[in-house]
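Colleague: Dropping the structure in here first, questions after.
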Amino acid sequence: MIPRDYTYELLHCAYEVYNELGPGLLESIYEEALYRELSNNGFEVKRQVSVPVYYKGEKIRDDLRLDLIVDDLVIIELKSVTEYKKLFEKQLYTYLRLTDCKLGYVINFNVENLKEGIHTVVNHKIE
C-alpha cells in the first residue's frame with residue numbers, strides 16, 4: 001500500500017506546476033515542469049519510459065511510452081485536453097497491468113481547477 005502522505009506530496013507537485021503555469025499549454029511543457037518539480041522534491045522520476053508489449057508471448061515491434069514513472073511505483077499520464085475521456089483511465093489501467101505498478105494518475109492540466117483534472121486509477125490485481 002502506498003502511504004497517503006506520499007501521494008499527497010506527489011500531487012502537491014502537480015498543483016505547484018498548475019499554479020505556476022496555468023492551463024492551456026502543451027502536454028510536453030507540463031511533463032518537463034512536473035518532472036523537475038518531482039525531482040526537486042526528492043522523488044525518483046523517469047520520463048518517456050519505454051515498456052515492451054507482448055502479444056501471445058511475442059514482443060510487439062513498438063514499445064509503449066509512459067509519460068512519467070515515479071519511484072517505480074506510480075505512473076503519471078499527462079493530458080492537456082479540453083474534452084476529457086474516461087478512456088484515458090482505461091488506458092492507464094492497461095499501463096498499470098503491463099508494468100505491475102499499483103497506482104496511477106491521469107492529470108489533465110487544461111482545466112479551470114486542477115482538482116477536476118486529477119483522476120486516480122488503481123491496479124487491484126496487485127496486492
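Colleague: If L11 meets every condition in (1) crowded, with 16+ Cβ neighbours inside 10 Å; (2) in contact with a strand residue (DSSP E or B) (Cβ under 6 Å, 6 or more places away or on another chain) apart from one, which number is that one?
Modeller: Condition not satisfied by L11: (2).
Colleague: E16 is checked against (1) touching a helix residue (DSSP H, G or I) at 6+ places or on another chain (Cβ under 9 Å); (2) closer than 24 Å to N123 by Cα; (3) of a type in the set (D, E) and fails just one. What number does that condition carry?
Modeller: Every condition holds for E16 apart from (2).
Colleague: Give the number of residues within segment 29-48 that are touching a Lys or Arg at 6+ places or on another chain (Cβ under 8 Å) and open to solvent by less than 30 Å² (accessible area, probe 1.4 Å).
Modeller: 1
Colleague: For segment 13-27, check the following and say yes or no: at least one residue is under 14 Å from the mean Cα position of the chain (by Cα) and free of Cβ contacts under 8 Å to residues at least 12 places away in the same chain.
Modeller: Within segment 13-27 (the criterion being under 14 Å from the mean Cα position of the chain (by Cα) and free of Cβ contacts under 8 Å to residues at least 12 places away in the same chain), the answer is no, since none of the residues qualifies.
Colleague: Here's something else I'd like to know. Evaluate segment 18-28: report whether one residue or more is assigned to a loop (DSSP other than H, G, I, E, B), open to solvent by less than 30 Å² (accessible area, probe 1.4 Å) and of a type in the set (A, V, I, L, M, F, W, C).
Modeller: No, because not a single residue in segment 18-28 is assigned to a loop (DSSP other than H, G, I, E, B), open to solvent by less than 30 Å² (accessible area, probe 1.4 Å) and of a type in the set (A, V, I, L, M, F, W, C).
The values are calculated or read from the model by the stated rules, or taken from the named source; none is laboratory data. Predicted model, so just to flag it, every value in this text is computed and none were measured. When we count neighbours, we look across all protein chains shown, and the Cβ atoms used for this are built from the backbone with ideal geometry, even at glycine. To get the accessible areas, we keep the full protein, side chains included, count just its heavy atoms, and leave off ligands, DNA and RNA. Shrake-Rupley method; radii C 1.70, N 1.55, O 1.52, S 1.80 Å.
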